[in-house]
Amino acid sequence: MKIIKYLFFLLLLALIGGAVYVATINGEYQVEESRVINAPDELLFNTINEYRTWDKWGPWMDESDDLIMEYPEKTSGEGASYSWKSETQGNGRMETEKVAQFSSIDQNITFITPMGESKSDVYWKFEKTEDTKTKVTWGMKGKQSFMEKAFWATQDSTISQMLKPMYSRGLEKLDVFVNEKMKEYNVNVDGITEHGGGFYMYNATAASIATIPEKMAQMLPLVFNYMKENNLPQTGKPFTLYNEYNEEQGTAIFSCAIPTRDKVVTPKDSSVLCDFLPRQKVVKTTLKGNYTNLKEAWETGYKYIQDNKLELNTQAVPFEVYVTDPSQQSNPAEWITEIYIPIL
């Protein structure tokens, strides 16, 4: 009997000692991972801000076959949330508390475990590193309860050590997801239509085909600034006229233009001039996607003309109109370009 009392006393001492030890453990934790992703901050922010995208790149999807996501009516912005259920991973809920557009997102996460509810703060930061690259930081911080500290004291790793690889994998999957989304495109031949034409201000140059995007990035702002300085109204979307295009030699003569209301007489030494585009019959092709797909879109338009035995108007100049561009939409998959090829 004395032995039992002695063993019980030792067990009690061990429990008290263990409790004291657990109580002295610092329960505060923080884990974060960063990754530079070749995508605009706006696109990354919008992707993460919308909870319905999380099942496409969330790292926990690799670890559970029974995860059920549940979404309320509001799934993006402040007050948005989603919840999940899983017999293997447990249940939980995430809610967005605060957003700073294209800069940061603050969320709180609740894990429902046999030890009760565990709450932590989740945060995201977005920092531009280059024109097309963004440093994304994903982190979580919180304070463990007594039972949570006791549990992790029996494990081979800390909660931070367990989460760090998962966050790293999540950012890697996010990188793949957004870059695949940016590659999506669609080419559609709208068919024969009539373009209304009108006056336009333009700047022209001759260059190698390979340098056209670089030249355009300089020429369109030049026209825009000229119109702004001279209070000239912009009456349509910017466009590029291809006066000559020699694929064999790899050269082109082209004009970057912006529509305006009336004829404008410019000074003799001005690099920005005014011209008139006549009303004309055209074959219209629409590209929704990155400009890297423009070659295919142009070829599709010309093939339509050939297949339908239409005759090109060689006296007129083909052109492309930028309905939606990078200044309006960060995701290249959402850029809309209309191609017009004059026919008789």
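The values are calculated or read from the model by the stated rules, or taken from the named source; none is laboratory data. In this text, all values refer to a predicted model and were calculated from it rather than measured experimentally. FYI the Cβ positions are ideal-geometry reconstructions off the backbone, even for glycines, and counts take in every protein chain you see. These accessible areas exclude ligands, DNA and RNA; they are computed on the full protein's heavy atoms, side chains included. Shrake-Rupley method; radii C 1.70, N 1.55, O 1.52, S 1.80 Å.
Points to keep in mind about this one:
- Count of segment 291-305 residues which are open to solvent by 30 Å² or more (accessible area, probe 1.4 Å), over 23 Å from MET219 (Cβ atoms) and hydrophobic (A, V, I, L, M, F, W, C): 0
- Flag if GLU244 is part of a loop (DSSP other than H, G, I, E, B), under 22 Å from THR205 (Cα atoms) and at pLDDT below 90: no
- Residue count for segment 226-257, restricted to those that are open to solvent by 60 Å² or more (accessible area, probe 1.4 Å) and in contact with a Lys or Arg (Cβ under 8 Å, 6 or more places away or on another chain): 1
- The residues on offer are VAL20, VAL36, and the sole one that is modelled with pLDDT under 50 and open to solvent by 40 Å² or more (accessible area, probe 1.4 Å) is VAL20.
- The listed residue being surrounded by 18 or more Cβ atoms within 10 Å (Cβ to Cβ), of a type outside the set (D, E, K, R), at negative phi and in a strand (DSSP E or B), out of VAL187, VAL223: VAL187
- Within segment 258-290, considering residues that are within 28 Å of GLN328 (Cα to Cα) and among the small types (Gly, Ala, Ser), the one surrounded by the most Cβ atoms within 10 Å (Cβ to Cβ): GLY289
- Of the residues contained in segment 40-56, none is found to be of a type in the set (A, V, I, L, M, F, W, C), outside any helix (DSSP H, G or I) and open to solvent by less than 40 Å² (accessible area, probe 1.4 Å).
- The residue of segment 136-171 that is modelled with the highest pLDDT, among those that are surrounded by fewer than 16 Cβ atoms within 10 Å (Cβ to Cβ) and part of a strand (DSSP E or B), is LYS141.
- Looking only at residues in segment 311-344 that are over 31 Å from the mean Cα position of the chain (by Cα) and open to solvent by 30 Å² or more (accessible area, probe 1.4 Å), the one that is nearest to THR240 (Cα to Cα) is VAL317.
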